[in-house]
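Heads up: the structure comes next, in structure tokens.
The values are calculated or read from the model by the stated rules, or taken from the named source; none is laboratory data. These numbers come from a predicted model, not from an experiment. With ideal geometry, Cβ positions are generated from the backbone for all residues, glycine too; neighbour counts draw on all protein chains shown. Heavy atoms of the whole protein, side chains included, go into the accessibility calculation; ligands, DNA and RNA do not. Shrake-Rupley method; radii C 1.70, N 1.55, O 1.52, S 1.80 Å.
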Amino acid sequence: MTGAPCVISVAITGSVPRKRDNPALPVTVAEQIESTHAAYEAGAALVHVHVRNDDETPSSDPERFAAFQEGIRRHCPDIIVQFSTGGRGRALEQRGSMLHLRPDMASLATGSVNFPTIVYENPPDFIRSLASSMRDLGIKPEIEVFDLAMLYNTADLVAEGLIAAPPHVQFVFGVKHALPARRDILDFEVAKLKELLPGATWTAAGIGRHQFEVARWALEMGGHIRTGLEDNIRLDRNTLAPSNAALVTHVAALAAAAGRPIATAVEARKLLGLSERRTT
């Protein structure tokens, strides 16, 4: 029996990997647009976007986000555009500075967590401020869950009306000091999601060597999947991924093996509650 369609998200750049780690990493806005277009053609329906300065450091420059969004809309008019409000290399007050551009979605971590060398800081007042801005601008948040408390925090924000129900949640596995990549933990988190937030949609993301294993779990459990050079720069232990599109092609094959058709961007919008393409 064919399963439900699967939305493939592609995280094209991130803020940590550098071209010295994988020359395929897109850094300039033009490279990011080209890489996203190729990933879209390979099956990605959603693009998760960071932008970089010329020296490859993380950027909060709204003009770079605007240039990316304008360019990708010309090539892939129905792709779901999701801006990152993540914290590596950006001050709190900078992290929502591009939301006025009204992307379809934006990431929202609902708590703080230790990363390998830093604290990913998300104070309660800051979370509420970002959630309020997204709500007022009609941007759907993708809730980033790095531990169980973030799921309960999300339920509280939904109850308060700061996040519209049903939300979309992404479970992130394999970051040192956060959720370990274990199937039983994903089972538990998804069970709690269904209990706390009925009707919520969800994605599971695995970092580094865990990416394809976590994708298989999500496919088996009816969730959606994320890939991309932000999270994982290799196709296997010995092979660097030649592009974001190659990673999308790889997880699309996993979906096919699991009997899950790949959602088009139009289908993904309906599945995630984004029935119409946003305009800038």
By residue number, the members of segment 165-176 that are surrounded by 14 or more Cβ atoms within 10 Å (Cβ to Cβ) and farther than 12 Å from Gly206 by Cα are Pro166, Pro167, His168, Val169
Practice task
Return yes when Ala149 is outside any strand (DSSP E or B), among the aliphatic types (A, V, I, L, M) and open to solvent by 10 Å² or more (accessible area, probe 1.4 Å) and no when it is not.
Solution key: yes
Within segment 1-36, the residues that are under 22 Å from Ala268 (Cβ atoms), open to solvent by 60 Å² or more (accessible area, probe 1.4 Å) and without any contact (Cβ under 8 Å) to a residue 60 or more places away in the chain are Glu34
Taking segment 63-85 and keeping residues part of a helix (DSSP H, G or I) and either surrounded by 20 or more Cβ atoms within 10 Å (Cβ to Cβ) or over 19 Å from the mean Cα position of the chain (by Cα) (or both) leaves Glu63, Phe65, Ala67, Phe68, Gln69, Glu70, Gly71, Ile72, Arg74, His75
Considering segment 47-62, residues that are open to solvent by 10 Å² or more (accessible area, probe 1.4 Å) and polar (S, T, N, Q), and then whichever is nearest to Glu93 (Cα to Cα), we arrive at Ser60
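One line per residue, one yes/no per condition, for (1) within 23 Å of Val10 (Cβ to Cβ); (2) among the small types (Gly, Ala, Ser); (3) without any contact (Cβ under 8 Å) to a residue 24 or more places away in the chain:
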site	(1), (2), (3)
Met105	yes, no, no
Phe115	yes, no, no
Tyr120	yes, no, no
Asp125	no, no, yes
Leu151	no, no, no
Thr154	no, no, no
Ala178	yes, yes, no
Ile185	no, no, yes
Considering residues that are assigned to a loop (DSSP other than H, G, I, E, B) and surrounded by fewer than 17 Cβ atoms within 10 Å (Cβ to Cβ), the number found within segment 86-105 is 4
| task | Might you let me know whether segment 86-94 holds any residue that is touching a residue at least 24 places away in the same chain (Cβ under 8 Å) and acidic (Asp, Glu)? | result | no
Within segment 118-137, identify whether any single residue is on the phi > 0 side of the Ramachandran plot and at pLDDT 95 or above, and answer yes or no.
no
Okay, strands (runs of 3 or more DSSP E) sitting entirely in segment 171-261 with 1 or more residues that are closer than 27 Å to Val119 by Cα and among the charged types (D, E, K, R), I get 224-227, 234-236
Flagged pairs (Cβ under 7 angstrom, 6 or more apart or on separate chains; first in segment 127-139, among the charged types (D, E, K, R); second open to solvent by 70 Å² or more (accessible area, probe 1.4 Å)) are Arg135/Ala164
